[in-house]
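Contents: one structure, followed by commentary.
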Amino acid sequence: MSFGQHGDEHGEPKTDKKAEVKEFIQHHLKDSYDLHFFSYTNDSGEAVHIGTPLPVILWDNGLKVFSSSKFHHGETVAEVGGDFYKLHHSKIYKVDGPDGKILEDDHHHAINEKPIDLSITKNVVMIFMVFAIMFFMFSRMAKSYKTNNSMPKGTGRLLEPIVLYVRDEIARPNIGEKHYKRYMSYLLTVFFFVWIVNLFGLTPIGMNVTNNIAITLCLALITYLITTFSGNKNYWKHIFWMPGVPWPMKIILAPIELLGTFIKPFALMIRLYANITAGHVVLMSIIGMIFLFQNWLGSGLSFLLAFVLAILELLVAALQAYIFTVLSALYFGMAVEEHDDHH
């Protein structure tokens, strides 16, 4: 999206720089139904978008598949099989005709019928891309071990120290020597997945997967399910009937301990989502200030600050992957820990 004059969803020109900066930040943070690479304003003042549409998959009295280009970046209504659909705040709603409108309640929430959305959005494309990258890297690494006498080469030389770090500094200390191996596949997957998608979120393409709370919810839910189903009898005993505690206190503490099993993954979800979102908002705001200042000093300082913050975001990308992996390993370790009630 450019910071020049362009049209909004209704084709009305917008020249307010502050409004454009705000719209740019929201566009960068939201998921979308197409891959948007960049935009520019032509000589006639119209915005030209460069990107590629993605498949829209809806279930509305049957399966309906069509290209997101039918929406024309939210400016037109898409007709599919006699039904009409319109984009509104990055969501698809059903309207009553080619000129149908989105109706809102007193709280400005859309009240139109909403079909079940199974579309391939840009975040879904990013997830597929990251898994393809990870599969390629680790398959090449595994192959190099087989063909090079158990010695890594190429990409394996870069990945091996990271894998060993996750094993020796995260899995073993937090889970224990006896049980850590069965959790290594998940810990490595979640570490590299979060790290790579965070790095892609810093690119101009703007695919911020962990900026979507639904994604962080799924990651936290997987950690919760693994912790819950791998918990031994000691784990559940210390939740529902803690040894060494008077029985009246056990009745009081049991619901609190049980609630804690839900709070831990919830904290995982919010921590990852909030840190990544906050970092992108601040970075995009500072970049937007470059276009708001009308002098070289203000724009120069904003550019310098944005550059420093972008370097810091590279550290945050790895740090958030590390924190998520460490806390997941810690929860797994608590679930399989073998307690000695006599001590």
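Of all residues in the stretch 308-329, exactly one satisfies the criterion of being of a type in the set (Phe, Trp, Tyr) and surrounded by fewer than 18 Cβ atoms within 10 Å (Cβ to Cβ), namely Tyr322.
Where residues in the stretch 71-89 are touching a His at 6+ places or on another chain (Cβ under 9 Å) and part of a loop (DSSP other than H, G, I, E, B), which of them is surrounded by the most Cβ atoms within 10 Å (Cβ to Cβ)?
Filtering the stretch 71-89 for residues touching a His at 6+ places or on another chain (Cβ under 9 Å) gives 73-75, 78, 87.
Subset that is part of a loop (DSSP other than H, G, I, E, B): 73-75.
Values: His73: 19, Gly74: 17, Glu75: 13.
Within the stretch 71-89, the match that is surrounded by the most Cβ atoms within 10 Å (Cβ to Cβ) is His73.
Checked against the criterion of being touching a Pro at 6+ places or on another chain (Cβ under 9 Å) and either at pLDDT 80 or above or hydrophobic (A, V, I, L, M, F, W, C) (or both), the candidates Lys233, Lys237 yield just one match: Lys237.
Evaluate the stretch 102-113: report whether one residue or more is on the phi > 0 side of the Ramachandran plot, part of a loop (DSSP other than H, G, I, E, B) and in contact (Cβ under 8 Å) with a residue 24 or more places away in the chain. Within the stretch 102-113, not a single residue is on the phi > 0 side of the Ramachandran plot, part of a loop (DSSP other than H, G, I, E, B) and in contact (Cβ under 8 Å) with a residue 24 or more places away in the chain.
Considering only residues that are at pLDDT 60 or above and part of a loop (DSSP other than H, G, I, E, B), look in the stretch 330-343 and name the one that is surrounded by the most Cβ atoms within 10 Å (Cβ to Cβ). If you could, list the steps in order and put the result at the bottom.
Quick first cut of the stretch 330-343, residues at pLDDT 60 or above only: 330-339.
Applying the additional criterion that residues be part of a loop (DSSP other than H, G, I, E, B) yields 337-339.
On the way: Glu337: 15, Glu338: 11, His339: 13.
Among those that are at pLDDT 60 or above and part of a loop (DSSP other than H, G, I, E, B), it is Glu337.
Looking across the stretch 232-250 at every residue that is over 34 Å from the mean Cα position of the chain (by Cα) and not in a helix (DSSP H, G or I), the one that is nearest to Leu330 (Cα to Cα) is identified as Met242.
The residue of the stretch 145-166 that is modelled with the highest pLDDT, among those that are of a type in the set (Gly, Ala, Ser) and either surrounded by 12 or more Cβ atoms within 10 Å (Cβ to Cβ) or part of a helix (DSSP H, G or I) (or both), is Gly156.
Can you say whether Met134 is without any contact (Cβ under 8 Å) to a residue 40 or more places away in the chain and either in the same structural domain as Lys264 (by TED's automatic domain parsing) or not hydroxyl-bearing (Ser, Thr, Tyr) (or both), as far as the supplied structure shows? Lay out the reasoning, then the answer.
Working: without any contact (Cβ under 8 Å) to a residue 40 or more places away in the chain: no; either in the same structural domain as Lys264 (by TED's automatic domain parsing) or not hydroxyl-bearing (Ser, Thr, Tyr) (or both): yes.
In short, no.
Only a single criterion out of (1) crowded, with 21+ Cβ neighbours inside 10 Å; (2) small (Gly, Ala, Ser); (3) part of a loop (DSSP other than H, G, I, E, B) is not satisfied by Ala220, namely (3). Taken over the stretch 197-210, the criterion of being at pLDDT 80 or above and either touching a His at 6+ places or on another chain (Cβ under 6 Å) or on the phi > 0 side of the Ramachandran plot (or both) is satisfied by no residue.
The residues on offer are Glu113, Glu177, Glu169, and the sole one that is surrounded by fewer than 19 Cβ atoms within 10 Å (Cβ to Cβ) and assigned by TED's automatic domain parsing to the domain that holds Ile92 is Glu113.
Has the stretch 185-201 got any residue that is assigned to a loop (DSSP other than H, G, I, E, B), surrounded by fewer than 21 Cβ atoms within 10 Å (Cβ to Cβ) and touching a residue at least 40 places away in the same chain (Cβ under 8 Å)? Don't jump to the end; show me each part of the working.
First pass over the stretch 185-201, keeping only residues assigned to a loop (DSSP other than H, G, I, E, B): 201.
Remaining after also requiring surrounded by fewer than 21 Cβ atoms within 10 Å (Cβ to Cβ): none.
Taking every residue of the stretch 185-201 in turn, none turns out to be assigned to a loop (DSSP other than H, G, I, E, B), surrounded by fewer than 21 Cβ atoms within 10 Å (Cβ to Cβ) and touching a residue at least 40 places away in the same chain (Cβ under 8 Å).
The values are calculated or read from the model by the stated rules, or taken from the named source; none is laboratory data. Note that the structure is predicted; figures quoted are calculated from it, not measured. So basically every Cβ, Gly included, is an ideal-geometry build from the backbone, and we count neighbours across all protein chains shown.
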